[in-house]
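Asker: Attaching a single structure in structure tokens format; questions to follow.
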Amino acid sequence: MKKILVIGAGKSSTCLINYLLDVCAELDWQLSVADSNLKLALSKTGKSTHAKALSLRVENAAEREGLIHQADLVISLLPASLHILVARDCVMLGKNLLTASYIDDNTRSLEKEVRDKGLLFLCEMGLDPGIDHMSAMQIIDGIRRNGDSIVSFRSHCGGLVAPESDDNPWHYKISWNPRNIVAAGSTGAVFKNEGKIITRAYEDLFNNCEVTQVPGYGDLAFYPNRDSLSYIPLYGMEKASTFIRTTFRDPAFCNGWLAIVKAGLTSDKPFVNKQDTTYKTWSEPILPFVNGQNKAQLNFLGLFDNDIIPATAKTSADVLQYLLETRLSMEAKDRDMIVMLHELEYISGGERKFINSSLIVKGEDNVRTAMAKTVGLPLGIAARLILEEKISLTGLHIPIIPEIYILVLRELSLKGIVFRETSGSV
């Protein structure tokens, strides 16, 4: 009997766990879901005889190692900074590991040990990163098989609110980890545009965001996402003059968020939280950046209210996160939406051509969200394929390899995650 351990039962886990419950029932496997909140884990496993919910204090090495030792494969949905605790245990105990997070330096440091032990650590196996890698590489490899050369690659993805649930001036609601939203873009960005390396500081990231049209939806703004350059060699795109990975938002969002960033309200530096500090007092640094375009957005968040900020807040980021969670939360009836778009230009027979590939996925409600579906299903599908030995790779990888993306994308298409392509001459 194969045993799968999922560590973390938060917002993005629902569709993953539901998928694995079906797989375990079909194949007589066993699923364990561990979280610091046992009640939350129980709510995800339900009454399945093929699953059990467990309490786990992830910083407790004995508890962690005991659960990992019993598993054949581990999926970590922990905050990115905690993956290394699980990863080290998986190396020590000889277990395969899947995550949806970016490969960081800590995980990278384990690469040789993972390879030497014949293990598979598959990271960036969610939505973005994840589905974006797989769908992009499928197109890129197809172009190359024809002997054509890619000159421009732009890849965009965003978690948004579905139009029917869009009822606020931000045109946005939270469908994933709110802390990640507060910190989005904080490391700045670097990318390649028309042969030039462009570096954007955090303070300028949301300034004058470009807009592109998504087939079947309309215009969306985008801002550069982290370090695009590190993916150029992984995608084999050294000769492309443009290479950029971005995040989608509604055009109005960028103007409002630019003011919040410039005012320092996303800062995670500790501050003295006086008992009588109001939101209006806390947000005073934003006043020079208020304009006719963003005033309604900032008012909607409650930045100028006379209520007292949370006593538990230790940083401005804490205060902002509380406001986002209370003002931009999804109601039970709300639906979120994932929008992804790849824009490629290439030379074929001396002619410049393009391929655009787009994906739109809507959630069912505020639990079975599009975000949970698109983050969770790739992880679940990969877990099944690995345990069935249909993926037999070893080492530290992201899903840019045909052995991974062909099978996973095929299964995703059966789950309604289907890309729409348009092509032609530039």
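The values are calculated or read from the model by the stated rules, or taken from the named source; none is laboratory data. Predicted, not measured: the structure shown is a model, and the values here were computed from it. In this analysis, Cβ positions are derived from the backbone assuming ideal geometry, glycine residues included, and neighbour counts consider all displayed protein chains. The accessibility values were calculated without ligands, DNA or RNA, using every heavy atom of the protein model including side chains. Shrake-Rupley method; radii C 1.70, N 1.55, O 1.52, S 1.80 Å.
Asker: Quick check on D148: is it touching a residue at least 12 places away in the same chain (Cβ under 8 Å), of a type outside the set (A, V, I, L, M), open to solvent by 10 Å² or more (accessible area, probe 1.4 Å) and under 20 Å from I400 (Cα atoms)?
Answerer: So D148 passes the test.
Asker: Return the residues of region 71-95 that are under 15 Å from E113 (Cβ atoms) and not in a helix (DSSP H, G or I); say none if nothing qualifies.
Answerer: Those that are under 15 Å from E113 (Cβ atoms) and not in a helix (DSSP H, G or I): G94, K95.
Asker: Within the set of pairs 6 or more residues apart or between chains, which connect a residue that is touching a residue at least 12 places away in the same chain (Cβ under 8 Å) and more than 15 Å from A162 (Cα to Cα) inside region 247-260 to a residue that is open to solvent by 20 Å² or more (accessible area, probe 1.4 Å) and assigned to a helix (DSSP H, G or I) with Cβ atoms less than 7 Å apart?
Answerer: Taking only residues 6 or more apart or on different chains, the pairs are A259/F289.
Asker: Among the residues of region 285-317 satisfying the criterion of being open to solvent by 10 Å² or more (accessible area, probe 1.4 Å), more than 17 Å from K269 (Cβ to Cβ) and among the small types (G, A, S), which is modelled with the highest pLDDT?
Answerer: Filtering region 285-317 for residues that are open to solvent by 10 Å² or more (accessible area, probe 1.4 Å), more than 17 Å from K269 (Cβ to Cβ) and among the small types (G, A, S), the one modelled with the highest pLDDT comes out as A296.
Asker: Output the residue which, of all residues in region 337-370 that are surrounded by 21 or more Cβ atoms within 10 Å (Cβ to Cβ) and hydroxyl-bearing (S, T, Y), is nearest to G158 (Cα to Cα).
Answerer: Ranking the candidates gives T369 first.
Asker: Moving on. Condition check: surrounded by 20 or more Cβ atoms within 10 Å (Cβ to Cβ), touching a Leu at 6+ places or on another chain (Cβ under 8 Å), within 23 Å of V339 (Cα to Cα) and not hydroxyl-bearing (S, T, Y). Does F222 satisfy that?
Answerer: No; evaluated as a whole, the condition is false for this residue.
Asker: Could you list all residues from region 21-42 that are farther than 16 Å from L385 by Cα and either assigned to a strand (DSSP E or B) or open to solvent by 80 Å² or more (accessible area, probe 1.4 Å) (or both)?
Answerer: S32, V33, A34, D35, S36, K39, L42
Asker: Taking region 318-336 as the search range and keeping residues that are touching a residue at least 24 places away in the same chain (Cβ under 8 Å) and open to solvent by 50 Å² or more (accessible area, probe 1.4 Å), which one is nearest to I181 (Cα to Cα)?
Answerer: E325
Asker: Right, something else. Among all residue pairs at least 6 apart or on different chains, which show Cβ distances below 8 Å where the first residue, located in region 294-313, is among the small types (G, A, S) and the second is open to solvent by less than 80 Å² (accessible area, probe 1.4 Å) and not in a helix (DSSP H, G or I)?
Answerer: A296/P169; A311/N273; A313/N273
Asker: Next question. Might you let me know whether region 393-407 holds any residue that is of a type outside the set (A, V, I, L, M), free of Cβ contacts under 8 Å to residues at least 60 places away in the same chain, open to solvent by 10 Å² or more (accessible area, probe 1.4 Å) and farther than 26 Å from L234 by Cα?
Answerer: no
Asker: Sticking with this one: Quick one: how many residues across region 129-184 are part of a helix (DSSP H, G or I), under 24 Å from G349 (Cα atoms) and of a type outside the set (D, E)?
Answerer: So the count comes out to 9.
Asker: Out of the residues in region 93-112 that are open to solvent by 30 Å² or more (accessible area, probe 1.4 Å) and small (G, A, S), state the one that is farthest from the chain's Cα centre (by Cα).
Answerer: G94
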